[in-house]
Structure formats: C-alpha cells, structure tokens
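No lab work stands behind these numbers, since they all come straight from the coordinates. It should be emphasised that the depicted structure is a prediction, and the values quoted were computed from it without experimental measurement. Because the Cβ atoms are built from the backbone with ideal geometry, glycine has one as well, and the counts that use them run over all protein chains shown.
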Amino acid sequence: MEVDWSHGVFASIAALAVLEVVICELATPIALFVKKLRLPVIGFIFLMQIGTLLFMGDGFRQFMALYLFWVPWSRFLKFPVDP
C-alpha cells in the first residue's frame, strides 16, 4: 500500500539534507581559519561519510585518513607549540 503524502515528505527531507550538505561542504575551507567552526563542520562532514557508508555501502574509506589533518596533535603529543 502506497501513501500519497510520503512522496512529498521524503522529497522535503531529501532537499533539506542536500542543503545541509552543500552548506557544510562550502564551510569546510572556512573552518581552516575559524577555530570555532572546526568541530561542528568537520564533525558533520564525518557523520555524512558515515551516513554514506550506512545507506549507500560506499564510505569513501580512502578519504577517512584525511581527518587526521584536523586532529590537534600538539594537545595529544605534548609538543611545544609557538603561540
């Protein structure tokens, strides 16, 4: 049994998801320079890749290593960092 209203609901959800993805993808270069944006933007991008893995079966695993670029290694390895 098909529900007529479901097409409109799923289309709206898909359009909203596409808008969020585009905004986050465009904000990623800005996150390089604005520290307050790093965690939310990169966190959302990471969750998008997990969602792609779960729903489409392709997680683009080769790109997962690029998240290591965003880790603040000076905090974890206790290297002295110039201010």
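Applying 1/(1 + (r/R0)^6) with R0 = 35 Å to the Cβ-Cβ distance of PHE76 and ALA17 gives a FRET efficiency near 0.60. Placing +1 on each Lys and Arg Cβ and -1 on each Asp and Glu Cβ, with no other charges, gives the range 5-77 a dipole about its Cα centre of roughly 380 debye.
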